[in-house]
Amino acid sequence: TKKTDVTLNINGQTHNVSVEPRRTLADAIREDCGQTGTHIGCEHGVCGACTVLIEGVPARSCLMFAVQADGKAIRTVEGLAEGGKLHPLQQAFMDCHGLQCGFCTPGFLMLATGVLEREPDISDEDLVDVLSSNLCRCTGYQNIIKAVRMAAEQMRSS
Ligand code: FES
Ligand code: FES
């Protein structure tokens, strides 16, 4: 198949890659750009493990083709910590035991980041609703929700 040149801008870094048109963004991020923090679970849009931000909006990277993200600003879990300091959400997931196996965690972190950046005053009900769109097989969600609530408070007051 003919390959297409695309520019993937991941966490402010430019990756020039050549991909088949059907290559998913998730595979391109992990395999062509070596950023394996984004996880792939179901590969058909159900679990949310592969969630990244595209221009600030959460997107399931297994449902997108790499060519659709050409030139757009992509953010992944690798870009969350800054200057050796964990992002408030990462810290809160640790403090509240919001992860067990951790497979779902990058997706939750990116989903929550996208939501809290756009809607810092989101209601608790809406927050729980949004988070229920991603799947976690381990935690029972209580601690994930607790962690995101705690980070939301911190992000509002900083
Ligand atoms: Fe993309 Fe499950 S791997 S939603
Ligand atoms: Fe294991 Fe969520 S911590 S799937």
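The numbers here are math on the coordinates, done by the rules we state, and not lab data. Computed from a predicted structure; not experimentally measured. Heads up, the Cβs are rebuilt from the backbone with ideal geometry, glycines too, and the neighbour counts pull from every protein chain shown.
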| Under the Karplus relation 6.51 cos²θ - 1.76 cosθ + 1.60, θ = phi - 60°, what is the ordered set of whole-Hz ³J(HN,Hα) values for the stretch 120-136, x standing for Gly and Pro? | x, 9, 3, 6, 4, 4, 5, 4, 4, 4, 4, 5, 6, 6, 9, 9, 10
| query | Given a cut-off of under 8 Å on Cα pairs at least six residues apart, what relative contact order in percent is computed for the stretch 66-144? | reply | 38
| Looking only at Cα atoms, what is the convex hull volume of the stretch 88-157 per residue, in Å³? | 70
| query | Fewest first, what order do 158, 133 take by the number of other Cβ atoms within 10 Å? | reply | 158, 133
| field | residue 47 long-range amide H proximity, modeled H, under 5 Å | value | 42
| field | Per principal axis, descending, Cα span of the chain in whole Å | value | 47, 31, 25
| field | Cα pair distances of the stretch 21-99 binned at 5 Å [whole percent] | value | 3, 15, 23, 25, 17, 11, 5, 1, 0
| request: Could you tell me what percent of the DSSP beta bridges with both partners in the chain are antiparallel, to the nearest 5? | output: 90
| Pick from 136, 96, 104: which residue has the top mean-square fluctuation in a GNM of the chain where Cα pairs under 10 Å get a spring? | 96
| said: With a 10 Å cut-off between alpha carbons and a GNM built on the chain, which of 98, 48, 83 moves the most? | reply: 83
| message | With 10 angstrom as the radius, rank 75, 118 by how many other C-beta atoms surround their C-beta, starting from the fewest. | response | 118, 75
